[in-house]
Amino acid sequence: MELTTISDLFDSQLNAFSGGIHKDEYEKSLYLTAAQDVFYNTLLASFEATHQISAKLGRLVKEETLTSSGVTAFGGSVITFTNPLKTILRERVAVASSNPLYDGRELEVHTERLAEIEDSLRNPFRTPNGNKAIRALTESNASYINQVELYLATGLTLTSYKAVVALRANPIILEDLTSMGLEIDGESAATTDLSFEDDDIKGIIKLAISSALQDVGVFASAKAPQQ
């Protein structure tokens, strides 16, 4: 769907209400991007429930097989993703070992806070279990996942990290914002690649309109004279 079509649909639906409501391209882009995030989260909550839901996420849910791109201060493996992620849906780690019981195995991945992992690594009686890999949950203000840290029991070496991931959705930006010094979700350029199909974009527009109307209602209530 063209950006001009999205903008026109937004305007036609918003202007259908009494008195008409005007939003500029930046405001519309904010509402659309926020509505897309709500739509995306709803799909992810049940992405394997039906074929239809999986199909809607076809542009965003991918399988990746990666190897370590570095080592942490505590000897863990750093995995760097090709593109920023919204979330990790499923993951496993393939390992190598001189112990034939573990060599070539795939391990489930469990998550723990980084501070707890560091305590375990300092304590020889609490080192990571050989039957699982541990992914560190780090404190971060970042909106998206660019890399993860993985920790294995002594004697195990990571050979590959296999994951089903949900990519970051492109923000819906209706016009270039660079000259205005504005950005949405870290980007200023007008969107050239929408993350969802046209039918879903129409649903996202409806969600955005609903949110805009709610905000107008709240604003009008705040300005109404007190009785």
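Of the residues making up the range 161-196, just one is among the aliphatic types (A, V, I, L, M) and either on the phi > 0 side of the Ramachandran plot or part of a helix (DSSP H, G or I) (or both), namely Met180.
Does Phe81 fit the bill of being within 17 Å of the chain's Cα centre (by Cα) and touching a residue at least 40 places away in the same chain (Cβ under 8 Å)?
On the way: within 17 Å of the chain's Cα centre (by Cα): yes; touching a residue at least 40 places away in the same chain (Cβ under 8 Å): yes.
Criteria met by Phe81.
Selection of the range 38-78 for residues being of a type in the set (Val, Ile, Thr) and within 13 Å of Ala169 (Cβ to Cβ) yields Val38, Thr42, Val61.
The set of residues in the range 136-180 being exposed (fewer than 14 other Cβ atoms within 10 Å of the Cβ), without any contact (Cβ under 8 Å) to a residue 40 or more places away in the chain and not polar (S, T, N, Q) consists of Glu139, Ala142, Asp176. Residues in the range 39-67 that are of a type in the set (A, V, I, L, M, F, W, C), loosely packed, with under 11 Cβ neighbours inside 10 Å and under 18 Å from the mean Cα position of the chain (by Cα): Ala45, Ala55.
Whether a residue is out of contact with any Gly (no Cβ under 6 Å at 6 or more places or on another chain), modelled with pLDDT under 95 and surrounded by 12 or more Cβ atoms within 10 Å (Cβ to Cβ) was assessed, and Ala133 passes this test. Can we say Gly70 is exposed (fewer than 11 other Cβ atoms within 10 Å of the Cβ) and of a type outside the set (Lys, Arg)? The answer is no for Gly70. For beta carbons closer than 8 Å, sequence separation of 6+ or different chains, a first residue in the range 37-51 that is assigned by TED's automatic domain parsing to the domain that holds Lys202 and more than 14 Å from Thr87 (Cβ to Cβ) and a second that is part of a helix (DSSP H, G or I) and modelled with pLDDT of 95 or more, the qualifying pairs are Val38/Leu207; Phe39/Asp200; Phe39/Gly203; Phe39/Ile204; Phe39/Leu207. Where helices (runs of 4 or more DSSP H) fall entirely within the range 1-90, those with at least 1 residues that are among the basic types (Lys, Arg) and at pLDDT 95 or above are at 25-44.
The values are calculated or read from the model by the stated rules, or taken from the named source; none is laboratory data. What you see is a predicted model, and the numbers here were worked out from it, not measured in a lab. All Cβ positions, glycine included, derive from the backbone under ideal geometry; neighbour counts span all protein chains shown.
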